Each structure stands twice: as structure tokens, then as C-alpha cells.
Number of protein chains: 4
Amino acid sequence: MSDRLRTAVLGASGVVGQRFCELLSAHPFFAPPDLYGSERSGGKRLSEVLTIPEARISGELLESRIAHADAAAVRKGGYDIIFSALPTKIAGDMELELAAAGCRVFTNASPNRMRRDVPLVVPEVNHDHLSIVKGGGGFIVANGNCSAIGLAMGLKPLQQFGIRSVEVTTLQALSGAGYPGVPSLDALSNVIPYIAEEEEKLRHEIPKMFGTVESGTVKSASMEVNATCTRVPVREGHTESVTAVLDSSASADAVAAAFTNFRSLPQELSLPTAPTVPVILTQENGRPQPLLDVNAGEPERARGMAATVGRLRVAGNTVRFVVLTHNTIRGAAGGSVLNAEIVHRQGGV
Amino acid sequence: MSDRLRTAVLGASGVVGQRFCELLSAHPFFAPPDLYGSERSGGKRLSEVLTIPEARISGELLESRIAHADAAAVRKGGYDIIFSALPTKIAGDMELELAAAGCRVFTNASPNRMRRDVPLVVPEVNHDHLSIVKGGGGFIVANGNCSAIGLAMGLKPLQQFGIRSVEVTTLQALSGAGYPGVPSLDALSNVIPYIAEEEEKLRHEIPKMFGTVESGTVKSASMEVNATCTRVPVREGHTESVTAVLDSSASADAVAAAFTNFRSLPQELSLPTAPTVPVILTQENGRPQPLLDVNAGEPERARGMAATVGRLRVAGNTVRFVVLTHNTIRGAAGGSVLNAEIVHRQGGV
Amino acid sequence: MSDRLRTAVLGASGVVGQRFCELLSAHPFFAPPDLYGSERSGGKRLSEVLTIPEARISGELLESRIAHADAAAVRKGGYDIIFSALPTKIAGDMELELAAAGCRVFTNASPNRMRRDVPLVVPEVNHDHLSIVKGGGGFIVANGNCSAIGLAMGLKPLQQFGIRSVEVTTLQALSGAGYPGVPSLDALSNVIPYIAEEEEKLRHEIPKMFGTVESGTVKSASMEVNATCTRVPVREGHTESVTAVLDSSASADAVAAAFTNFRSLPQELSLPTAPTVPVILTQENGRPQPLLDVNAGEPERARGMAATVGRLRVAGNTVRFVVLTHNTIRGAAGGSVLNAEIVHRQGGV
Amino acid sequence: MSDRLRTAVLGASGVVGQRFCELLSAHPFFAPPDLYGSERSGGKRLSEVLTIPEARISGELLESRIAHADAAAVRKGGYDIIFSALPTKIAGDMELELAAAGCRVFTNASPNRMRRDVPLVVPEVNHDHLSIVKGGGGFIVANGNCSAIGLAMGLKPLQQFGIRSVEVTTLQALSGAGYPGVPSLDALSNVIPYIAEEEEKLRHEIPKMFGTVESGTVKSASMEVNATCTRVPVREGHTESVTAVLDSSASADAVAAAFTNFRSLPQELSLPTAPTVPVILTQENGRPQPLLDVNAGEPERARGMAATVGRLRVAGNTVRFVVLTHNTIRGAAGGSVLNAEIVHRQGGV
């Protein structure tokens, strides 16, 4: 284990930061991370700021102290890989500064996602976009909005039929709002039918994920995506009700087979955090459910990394389905870790 | 008050039955109902079987005893109006038997909804369909599925632009499953993405509601409706995320004005249970919310009778919005009471 | 209505402030209040900062603007009565300053509760303590901690038997923590077995409420009170499981009769916000429940003002029971309004 | 693994039955169980009747079929050990019949708990009571009510000071009511202050657990236990607020040390399901919480087997604390499995 890559997690005390810590607690490629956080959490032990009790973080990491995250200190750390869960306000500049200084940044933050020189990668969907950061030197690889990642996983098996447009209503979990996030008086027994900037992210990120690399930058696909995003009183797991219009009709059997047979590069490479089956198709009517399916993904290390698709209905060139993903694992930290595993295996870091 | 019509509520002990009792507790047209229920609740006082504490039922009615609901006993009661919240299994036959015997039945049950001789009426949407029961004698007037009623309210103001097709994802409240309904272990922090037969009801009932009367029966409109129905941990209030494709483009202003200006016959007649504004358009991003808007509707007697529409977005001939309705008031008992008020005012009973 | 007393609410935008607004929306003694709040809410309309949708505040009051609450501005208002729901940090000094300037302050804030010259009054429990502010001039009347008020209501009928000591475990509602209060990620499906400073308040306030007036100040009773305070995922309504040890044995019938027959000054004076029956004794095993009983209290204006006691068990000189009160009405704003009604009726303001 | 004992689980499809399956999925002493259930679940695979998604049951066991549980069929199975999670109605007779036929039954059911020839054993509390079943032949060992087990764990470290009486208020999880259990309309945002027969169980079972073996039967201790049992909207984990009066005063330090140092036979024997630390004392004010502490217990196999005690306060001879236990693991299936491990290790089976 002595030759594992040296890593850091920026924004370690947040909900996504804690998930990074869980996934890096005992990783075969990556050493346990150094932790960086805000001034508020700086100097504290991770265990003192923990807000996701179910995250399975190693005892050693729980007792690590969080350093204050200024770019100079991080640069001086000389890390092989930096995972960023920085807050939106400071992520944009700090990530650019680190990349310019030669750091390899895998980020869950949103500010740099739509830059043409930053690939926006869901590993099973568009790992080929990682080619644009293979020139050596520093770079940023972004992983996408949590709902966009889930939607991209659900759409990818349909790409072979051509995807003309997508209509989606999301039912998003409370953990997606971070901590303290949604006040309990607003959440209990309620639906909030709006999440700031979320619908725009789905509209722009999905076409970029399904885009093509041209001259070293990403050109978005022309697919139209319209979303209505809601918050529901669910702890963890984003549910999305999707209607996709294909370029041409497909039979119900062909569509079901497309979901069932779907595998991608992470599965071929048997990467540590890759689920054996990335998209699980369930035929049971009441599924997927957050309670039952949010942690889908085998082997154990890939828990929460599989998307579950159910309620599949095909009518002409219209496909309807419900997709569920774990928003802070597959939809956040896990996506970035799997991106890093690909780049590492392909020699990029 | 001595000349108020004599009424009965069938299925009085259920969730919808209790709402009928609330709405008829002190009604200007209708006398407090005699109560009929299952063998299990027969002989008990309404107060002993109460499951909706927030229903504002008069003390007198709470102390009424529930009789066992067999058709013969009900017929013998000689009621001017019968409100039915009978369970699906027995509603079909018993309502037909009562109508054949000359009773006027206003029902919330589903079995007879799609019969060509039964109008399926949301008062503000298609009160003109009531014409097919005006011949005198017994009849059945159905009010529609709870989600269909909410959707119809949201769509009605758009009818002037022509409605070609509708795509809807519902987030339905627990009370819609009745009592005991959904086990708490399934409901807490979860979404169940399926409700048996609900999507078919939306598919068939909406076109019937927007249909036309021809030769004394209803011909459904050709509008296509596709639904994905989910259950969320909300006590009361169905939220629906709707995408409607119009026959032709409309400006955002024209669509907003259509919602804002919408009034219908119940408003013109100032019926007791009619809300002054049947569809409330909110411009606030986080609205409508079940907690904040489920009881919309003025005056006091029309509490829970108004639909609230929000998140209105218009793009070409596509209109997206979220509509919220109180599923056991507007979406059930209240709809039937308002139907009965129209028929009464028009001399049909 | 023109001779109603002029009032102000300080801290109007908070959870308790909104309840004051509800109770003063159309009060027979008190005119609708002028509203004062923090710098953050200053200048806004009440409707813009509303967080308790179920509070029934008049449309006029909802459209009032909130002024910034500095003591000088409030003093200049020349109000007959000032209701304070100020935050703990500033309540202490500002209330003392106002009282010194001749204002009559009825407060829900905690800082001045234990001052010997401030009566701590639950109207039905120790209205006689109001005598110490009857000298004219400014004063502060405090109403007590929300759990202490509920507990005092439950204990008062037992006072005739002598109360030696009390052991209580509270199950407190989320609204008691104000807004934003408890994060939903902490509240959902959880119990938090600690509420800062709450147990100390119960320990000190209950003996003061049951104390005696001597030489114009209050001397606490010698009763020992021990509490364990927990937060549960309930929107509104504090449940308290109480074990009281009496000075001597009492029969189960005598204790039940003490609860059933209990009435006090607010009932004798038929004050507007006084419930006809201040403590409702239920014999049903599963009661009181927040869902079913939190709004207990008749007539309509006294909704949420009655305590409900259930699970009564008597063994020798030990009495066990569960008491439920509406924590932001009876346990906060309503208590102060009822105190003001007594003082007004007795000529003190 | 070929010499592991042959086992059966009766009542396999219930909430506790599923926990038995989890704990026996890969047990070093006990082979995976044959499954028996009601007529309704008979013939089905375990996976088809699963209601606790988070139970980590082996894939093989999930695909096992459940046989109909009649006593003759079970007897014919010739099992070394039978774990019973039978429903109350049939458990009493069937367990007695099996024991009479020579079977060793470890039960979670209540009917036989108070029989003088049935030891009621919480492993760390009164393992010595197991001596009364060591004569060979069939027997029943009961594990106790879920709240009683948690309370006994919390009290055991205090036994050295003598325990005179106990006052407890429980806040019990929904899973304790089984499935379907509490309707969501009753559970959401509510407290139900009564659980049928629960308080009597605590009153009788605790003294039996702390009793002594005399002439081959158990004589209950004279300790008085009074309980108020409530249901709260928590998925898993019973919280109990306890006041214990000791025979004599103890210092806060001595009491804390008693908790911290507490170990018992299961720890000495390093049994597979024994937590290294059976009672964890936390000094943090807001703990224990179901969300954070319900799964306490190391190593991995003992997850959910440790009790967590917090809010410890000592005043004279009165000790107050809050104890949390996993009600379907430590409070049910896990308790019986650990009992069986002791008996097996001591040669009793």
C-alpha cells in the first residue's frame, strides 16, 4: 500500500466531503486524504464535525484534523490528486488556481463545470471526454450536478436509439441541500417544488455529458432537456421521473435489453469503485424506492454507485422510466473517485 | 333551515366519508347527513372511528351513529341526495341499484366513472356535462380521481389554447391511500413510485372531463395523457408536475392571464362550497407547497377547494407548471358536494 | 372597537411573534399590534417573513410592515401594552429599559423570568402573582418556558394534595426551536435527548410559579423538579410524561375529579382567550396525541389554549400522567395574551 | 464450517425474523437457518416478503423458501437450535410443545417469558439464569421485551450500588410495532403515548432479569419499575429516559466508572455476536441519538448490539440517564442469538 497516490479532500467537513472520506478510507489506489476545510472547521477533528452518521469512515480518518483550506497550503502539500467538495462561492477560483499550479483536481463543485476545457464526466457515460486532460500538467475534471448524474446514468443505455429530448421531474433528497440545509419545519410532510439553479444545471450539463470532444474541448449535444426539480422529505436518494423522446421508435424488449446489458469502461477495467452492474433494471412496480434501492451497487466498495431504473414504459419513440441514485455517493463523491480511478489506470495521474 | 334537502353519506367512516361529514356539518342547502358504513363501523358513533382529527365536523354529527349500509335500508331512507364514498369493491353495484331505484347519487367511488351515462364532473371544468342527468329520476354523478381532479383544474384555463397532450408526474399524499393505508415503515423518508391503477385513471378520466356531450352521453376528448404516479411522505395535498403541449403557441403573458382570470359557473352562482378564485396562480418560486397551500380557498366554507398553480413556464406551445390540490376536499368530498350544489341550484334535485 | 388598547409586538417575525399576531388579529380588548423586528426583517411585510402557514393572521396584519425594534422607537409609540417575543440575547436589557420608561411589557422571553420583581405567570396557575405589578407604572410580566407552562397546567389540579417532587421527561416539538431551528437531517426519524438550558428552566420556573407573594416579590415553593428534555420529529405540541409525588396519598377518583373539576380565574372572568375547560382529562389510552389534541380549547378563540391530560395513574402518593400543550400558543404567545387580559380586566392596564 | 449447529427460524417473515436471518447469514457456530412462517408467507422466498431493506441477509438465505410453521414439521427437522419470532397468539403453545419434544428454543416471543421454568435472559445481565436449562432435554430461553432489554442493559452497571426503584419513559421506534404496524397517518409528526401491555412487561420482566435462581427457578428481585411507553416517528432504536433510585448514594465518578468499566461473560468469552463494549457511555450532551448511535457495537458482527448511555446525572442516590438500544437487534433477535452462543459455548447445546 506504500505506493498509493497522495490525496487531499477540500471541503472535508461538508456532506459531500464526508462521503469522499468514506470512499477514501481504505482505497487500493489512493492513500487516506489530508483534510482541508473552512476556517470554522479548521483545527477540528473530522469526528467533531460529522453530520452523516451512516458514512463508514475509518477511525483513523475520523481522528484526523482538518486544516484551513487556502490554496497556498494545499499546493505546498504536493498531492497527486485533489478531490474538491468546496462551497460554490470559493470553488471556482481556487480550483483554477490549483490547476494552473499543476494540481490534478477532481471536483464536485459547480462553478467550473461548463468551462470548455473542463470535462464534465460521469464515468459510465462519457469517460472518453477525459482525453482532453491527458496532456499532462494540472487540470480540473468535474463530475456534474447530483440530479444530472442520475439522469445521465438512466439515459445512457438509450443513447443507441438517439435521444431527441428529455422531460424530467425530480424528487430530491434533503442531503442534497447540505447541512444544515432545509429546516425541519419546511421539510416535514411537505414538498418544495423548486431548487435554485437546479433546472438550469440539468438543461446544460446533460447535453455536455452527451457531447463530443472536438479539438480538445467538449461540444454539447443538441438534446433538449427540461426539468422541474422538487425537494421531498427523504434523507438520501434522488428519484427522477423521466420521459425521453427517441429519434426513432424502439420495441419495449429492445429498450429493456439496452438497460439490462449496459456496461461501460469502469466495469471493463474492474475499477475499485465501479459497480458490477451500473444500471439495475427492476420489473417490480413499486421500485425503485430510496429506502430499498439507494445503496444499490456491488461489490461492497461500490455500495451506492449503481443507478436503479424501474417503471419502464415504451410507447413508440417515447420511453418513460423512474431512476434512483444515491445523490451524495454516485451523484457526488463517488463519481469523482471513479473518474480519478479511470485517469489513474490510464496513466494520467 | 327546515327546508334543506335530506342527505346521506355512504362510507362515512373512511377518510373521504369524514370529509363529506365536515362539509355537510352546517350546509345551507343540505341537512346534516344520515351516516352509513361497513358492518365493522355499523352501530358506532362517528367520533369512535375518526381518523382525520383536523376535519371540522360538528359535535352533533360526531355523535351520530353509523348504520350498516345495505341498499334496501338506504333506499327506504328516501333521501334527496346520497353522497357515496363507498369502497371500490361494493360501490359499483350498490350505486347502480340506488340510481335505478330513483336515488340521486353523487359519488367519489371509481367503478362507475367511465360509464357513458355517468357524467364525470369537476364543477369548474365541465359542469355542462351535468345536463345528461337532468331528465329526472335517479342518476349517478361521479367526481373523478383525486389526481385527475387536480390536473383538470390546472389544465382548464389552458383549454382556450387547445390541449394536445399532457405529461404529468404526481407526488401524492398519504391520505390518498385511506386508512390504515401506507405503513409508516414504508412511508417515512421514502418515495413509492407507483400507485395501482392511478395512471390509467388519469389517462382515461381527463379526456372524459374535457369531452363533449353528444346525444345524452359523454364523448371523450382526443387529448393524450401520460402519468407517472408516486407516493410521498406528505399528510395531505397532491402535488403534480405538469407539461402540457398546446395546439398552438401562446405567450407567457397570455397563459398567465388565462390562469389569473379563470372563473366558472360555481363562482358565477356563488355556490356555498365554491372558492372565489378557483385556481390561484402564484409567482413565488418555492410554491405551491402542501404545508402552505393545501387549504387554499376562500371564503372559509371553501377552504381546501382552490387549486394552486405555480412554477409556470411557457416555451412555444409547451406549458409547464406545478399544481397542488387538497386531495380529500377538492379532490374528493368537496368536488361531489359542489356538483350537488350546481344540480340543486339548477333545479335537478 | 375604537377604545381598544394600543399594542405592539416585539420580535414579530419569529415563530412566537407570528402567534402573537394570530391572537391579536381581531381581539376584543386589544387593537391589532404595531410590529417590530430585527434589522433583517425591518421594512418587510409580515407576509414576507411568515414561517407558520397555519397561523390564522388577518389579511390586514399580514400586510403590515415590520419596523426595526429599537427601544427608543418603541417607547415613542406610547403603547398601552407591549408583547415581547424578543430573542434572548436582547430581550433582557430592552425589556428592563422599556419597563423603566413606564411601559407594560408582557414577555415570552426568558432573561427576566427569574427576577424577583417579575411575576412568572401561567394564568390558571398563579394569577395572584400579578398583584406585584399593580402599583402602576411600567412592569414586566413573564409567561414562562413552553414546557414549564405545560407542566404547570398539568400539576395545578394536584396542588390541593400537596406536591413534594416532580420527575418529567419531555418530548418537545420542532417549532419550539424556532425557525430555521432544527435541520431536517437531524430531525427526520430521530430523537435528540437534550435541549440547552431547558431542564434548568423547568427546575427553577415551576417552583416560582407555585410560589407565594411575600412583600411584593415572589418566593418559590420548595418543590423539587427534575427534567429530561428531548426533541422529537413533531411539528407542534409538547408532550410531557410526568411523575408527581404528593405530600399524601390520594384516591384515583379524587385525583381524576381534581383534573375534571379544575377551573380558575380566566374561566370565571370568561376572558376572550380563556378555554372553557383549561385542563381536559382524557380516559382514552392512546391520548393525548399532538395530531389529535394540540389544538384543544374552546371556544374558537381559545384554540390551542387547553392542556390535555391522559394516561392518569395513581399509586399511593404517586401520580403519573402525560400532558400535552400547544407550545407556541398556550406555551408562549397565548399565555402572555391571557395574562394581559387578566391585568386589563383587573384595571391594571 | 461443516460442524455448525443446525438451526431454524420460526416467524421468519416478520421484522424480528428478518433480523434473525441477518445475524445467522454467516455465523461461525450456527448454520444458515431453515425458515418457517405463517400460511400467508409459506412457499414464498424470503426476498419476496422482505420489509427491512437495511437488514444484511446473505443472497442464499434471501432465496430460501419459507415453509409453513406447524410444530410437527419443525420437530421433524431435528434442529440443534430453534429461534422463535412467532406471533404472540401461537408462540405460547407451539414453543411449549417443541420444548416438551426435546427442542432447544430461544425465543423473542412474550407468552412464556414469565414462566418460572423459562429463564428470561439478557446475556450481559443475567447469563447465570441459563443454569436452569442445563439439565439436558428441551427447553425455552426467552430474551425479553425490547424496551426491557434496553433498560436492563442501562441498569446493570448500577446493580453494584443496589437498585431500589426505577422510573422510565420510553420513546419507541416504529419497527417495534412490526409490519405493517403503525399507519403512516398516525405516525407522521406525532407521539402516541401508549403501547398495549408494554408497561406491564417492563414492570414484570426487569425484576425477573435482576432476580436470582433458587431451586432451579427464577425468583424476581423486589425492585419496583414504573414505565410510561410512547411511540415516536423513528424508524429504528428505542430511547429510554430513566431515573433509578439506588440503595445508597454514589458519587458521579463512581457511577460513570461503573458504566465505563462494565463487561460481562459474553465479552470474556469473546462470543461472535458480543460487542467489545456492551454499554457505551457518551459524555456528549445531544447523545445518544437513534440516527447516530442505533448501530453501536463492534466488531462488525456485533453492530447494533451495544447499548449507548448518555445524559448521565447523579444526585445523591438518584441516577438519571438516557439509554438507546437497537430494538430489533439487541432488543430482539440479537439477544436470542447471543443467548444461544453462551449456551453453546457452555456445552448446553
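Taking a cut-off of 29 Å, what percent of all Cα-Cα pairs in the stretch B:146-327 are separated by more than that? Tail of P(r) above 29 Å: 20 percent of Cα pairs.
Shape summary of the stretch D:50-178, radius of gyration then Dmax from alpha carbon positions: 16.9, 50 Å. Could you tell me which of D:Thr282, D:Ile82, D:Val242 has its Cα farthest along the dipole of chain D towards the positive end, charges placed at Cβ (Lys, Arg +1; Asp, Glu -1), taken about the Cα centre? Final value for the positive-end residue is D:Ile82. Relative contact order, whole percent, for the stretch A:146-327 stands at 27, derived from Cα pairs under 8 Å and 6 or more residues apart. Peptide packing: for D:221-230, B:103-112, C:10-19, the average count of neighbouring Cβ atoms within 10 Å per residue gives the ranking C:10-19, B:103-112, D:221-230, highest mean first. Kindly identify the stretch C:132-183 as rounded, prolate or oblate by the Cα gyration tensor criterion: order the square roots of the eigenvalues as a ≥ b ≥ c, call it rounded if a/c is under 1.5, otherwise compare a/b with b/c, prolate if a/b is larger, else oblate. It comes out oblate by the Cα gyration axes.
DSSP bridge analysis restricted to chain B gives an antiparallel fraction near 45%, rounded to the nearest 5. Take every pair of alpha-carbon atoms less than 8 Å apart whose residues are at least six positions apart; their mean separation over the length of chain C yields a relative contact order of 18 percent. When only the Cβ of Lys, Arg, Asp and Glu is charged (+1, +1, -1, -1), the dipole of the stretch A:58-174 relative to its Cα centre reaches about 260 debye.
Taking a ≥ b ≥ c as the square roots of the eigenvalues of the Cα gyration tensor, chain C is prolate, since a/c reaches 1.5 or more and a/b is larger than b/c. Rounded to whole numbers, the Karplus 3J(HN,Hα) couplings from phi for the stretch A:94-105 are 5, 5, 5, 5, 5, 4, 4, 8, x, 7, 9, 10 Hz, using 6.51 cos²θ - 1.76 cosθ + 1.60 with θ = phi - 60°, and x at Gly and Pro. Please list, in chain and number order, the residues 5+ apart from D:Arg164 or on another chain whose amide H is under 5 Å from its amide H, with Hs placed from the backbone. For D:Arg164, the qualifying residues are D:Val245, D:Leu246, D:Asp247.
D:His27 exposes around 0 Å² of accessible area when a 1.4 Å probe is run over every protein chain in place. Which of the three applies to the stretch A:194-295, rounded, prolate or oblate, going by the alpha-carbon gyration tensor with a ≥ b ≥ c and a/c under 1.5 meaning rounded? Rounded, since a/c falls under 1.5. Remark: accessible area buried at the B-A interface is about 2800 Å², both chains counted, probe radius 1.4 Å.
Rolling a 1.4 Å probe over the protein heavy atoms leaves A:Ser131 with an accessible area of roughly 60 Å². Each 20 Å bin, from zero up to the one with the longest distance, holds this percent of the alpha carbon pairs of the protein assembly as shown: 10, 33, 39, 17, 1. Per residue of peptide A:232-240, the mean number of Cβ atoms on other chains within 10 Å of the residue Cβ is 6. Between D:Leu188, D:Leu265, D:Leu46, the GNM of chain D built on Cα springs shorter than 10 angstrom shows D:Leu188 fluctuating the most. Ordered from longest to shortest, the equivalent ellipsoid semi-axes for the stretch B:111-162 are 22, 13, 8 Å, each the square root of 5 times a Cα gyration tensor eigenvalue. Couplings 3J(HN,Hα) for the stretch D:111-118, derived from phi with the Karplus relation 6.51 cos²θ - 1.76 cosθ + 1.60 (θ = phi - 60°), are x, 9, 4, 9, 5, 5, 9, 10 Hz, where x marks Gly and Pro. The mean sequence distance of close C-alpha pairs (under 8 Å, at least 6 residues apart), as a share of the length of the stretch A:177-251, puts its relative contact order at 34 percent. Ranked by solvent-accessible area (1.4 Å probe, protein heavy atoms only, all chains present), the residues A:Asp93, D:Asp247 order from largest to smallest as A:Asp93, D:Asp247. Rolled with a 1.4 Å probe across the full set of protein chains, the surface gives B:Asp80 an accessible area near 50 Å². Within 10 Å of the Cβ of each residue in D:51-60, the mean number of Cβ atoms contributed by other protein chains is 2.
Our helix-only sum for chain B, with -39,500 (n - 2.57) per DSSP H run of n ≥ 4 divided by its residues, gives a mean residue ellipticity at 222 nm of -7000 deg cm²/dmol.
With its label point put 7 Å out from Cα toward Cβ, B:Ala26 sits 1.2, 6.7, 6.8 nm from the same residue's point in the other copies, in order from shortest.
Label zone (B:Thr276, point 7 Å along Cα-to-C-beta; backbone nitrogen cut-off 13 Å) within the stretch C:45-63: C:59-60. The mean number of partner chain beta-carbon atoms within 10 angstrom of a residue's beta-carbon across peptide C:170-178 is 3.
Highest mobility in the GNM of chain A, judged by mean-square fluctuation with C-alpha springs under 10 Å and restricted to A:Pro290, A:Pro193, A:Pro272, is found for A:Pro193.
Amide H contacts of C:Ser13 (H built 1.01 Å from N, in plane; Pro and chain starts excluded): C:Ser38 sit under 5 Å, all sequence-distant by 5 or more or on other chains. Amide H to amide H distances under 5 Å link B:Val141 with B:Val105, B:Phe106, B:Thr107, where only residues 5 or more positions off or on other chains count and H is placed in the peptide plane.
Applying 1/(1 + (r/R0)^6) with r as the Cβ-Cβ distance of B:Asp117 and C:Arg56 and R0 = 60 angstrom yields a FRET efficiency of 0.85. Going by accessible surface with a 1.4 Å probe and the largest first, C:Ser270, A:Ser215 read A:Ser215, C:Ser270. Phi-derived couplings, Karplus 6.51 cos²θ - 1.76 cosθ + 1.60 at θ = phi - 60°, listed residue by residue for the stretch A:334-349: x, x, 5, 5, 5, 4, 5, 5, 4, 4, 4, 5, 8, x, x, 7 Hz, with x used for Gly and Pro.
The values are calculated or read from the model by the stated rules, or taken from the named source; none is laboratory data. Note that the structure is a prediction, hence the values are computed from the model and not measured. A quick note on method: Cβ atoms are made from the backbone with ideal geometry, for glycine too, and the neighbour counts reach across all protein chains shown. Just so you know, the surface numbers come from the protein's heavy atoms only, side chains and all, with ligands and any DNA or RNA stripped out. Shrake-Rupley method; radii C 1.70, N 1.55, O 1.52, S 1.80 Å.
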